[in-house]
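Colleague: Dumping the structure here so I can ask a few things about it.
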Amino acid sequence: MLNESTSRMVRAAARRAQRGVVLIVALIVLVALSLAAIVMMRSVDISTIIAGNLAFKQAATRSGDIAVETALNWLETNNTGTFLHSDRVGSGYSANGNQPARSPAAGVSWETYWGTLVAAGRVRNLSDAESDFANTGNRIALIIDRMCANPGNPNSGANCTASTVSSVAGASGEEAGELAIKAPSAVYYRITARVIGPRNTVSYVQAMVTL
């Protein structure tokens with residue numbers, strides 16, 4: 001009887017030991033699952049933040065179209081007489097935009113260069129109404145560079161980058177009775193817009209237009 005009793009006690013102790021091991025294993029698995037869940041939640045949060053930032057960036061870039069349209073309307077309105085032959089600082093317009101000083105130097109970012117333009121008062125900030133801030137949450141500033149090396153008349157001494165519209169028919173064309181093309185060359189203008197959106201999103205948009 002003593003041996004049988006001792007055997008039962010040994011088996012009971014073994015079962016209690018096994019239950020203790022199972023409890024420890026279960027706790028370890030539970031901790032591992034909890035850590036995995038935390039990692040997955042953080043991954044989802046990061047993905048959501050990245051997707052949101054990309055959406056803000058795309059929205060800011062689309063707002064650049066507003067700047068281009070605004071600048072183009074300004075150019076068309078003021079493309080009379082000699083108005084565009086000289087700088088219009090308050091409007092962000094440079095008549096000699098082909099000068100090296102009118103673009104970022106090598107190794108200088110547009111953000112750094114833009115700071116120098118703001119300090120010199122050469123940037124036009126659109127109003128909230130013009131920027132459609134109420135709907136987009138974006139604020140827009142712009143500059144317009146006439147692609148000429150010098151101010152003045154684009155057809156005389158300004159050394160402008162112009163389209164190749166103007167041409168003259170060759171001898172064979174004239175002999176055949178064809179007329180020479182005498183359309184004036186169109187001058188290029190570079191529009192650069194800086195859009196600031198939510199979460200400090202900054203986007204630069206450029207467009208080239210001719211008049």
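The values are calculated or read from the model by the stated rules, or taken from the named source; none is laboratory data. Treat the numbers as computed from the prediction; the structure is a model and nothing was measured. A quick note on method: Cβ atoms are made from the backbone with ideal geometry, for glycine too, and the neighbour counts reach across all protein chains shown.
Colleague: Right, Val44: at pLDDT 80 or above, among the hydrophobic types (A, V, I, L, M, F, W, C) and either out of contact with any Cys (no Cβ under 7 Å at 6 or more places or on another chain) or surrounded by 10 or more Cβ atoms within 10 Å (Cβ to Cβ) (or both) or not?
Modeller: no
Colleague: Can you name the residue in region 87-101 that is touching a residue at least 12 places away in the same chain (Cβ under 8 Å) and in contact with a helix residue (DSSP H, G or I) (Cβ under 9 Å, 6 or more places away or on another chain) and is also surrounded by the fewest Cβ atoms within 10 Å (Cβ to Cβ) among such residues?
Modeller: Ser91
Colleague: Determine whether region 123-146 contains at least one residue that is more than 18 Å from Ile196 (Cβ to Cβ), among the β-branched types (Val, Ile, Thr) and in contact (Cβ under 8 Å) with a residue 40 or more places away in the chain.
Modeller: The answer is yes; a qualifying residue exists.
Colleague: Out of the residues in region 186-201 that are more than 17 Å from Ala67 (Cα to Cα) and surrounded by fewer than 20 Cβ atoms within 10 Å (Cβ to Cβ), state the one that is farthest from the chain's Cα centre (by Cα).
Modeller: Step by step, filter region 186-201, then rank; the result is Ala186.
Colleague: Filter region 56-105 down to the residues that are acidic (Asp, Glu) and within 23 Å of Val195 (Cβ to Cβ), then identify the one that is modelled with the lowest pLDDT.
Modeller: Taking the candidates together, the pick is Asp65.
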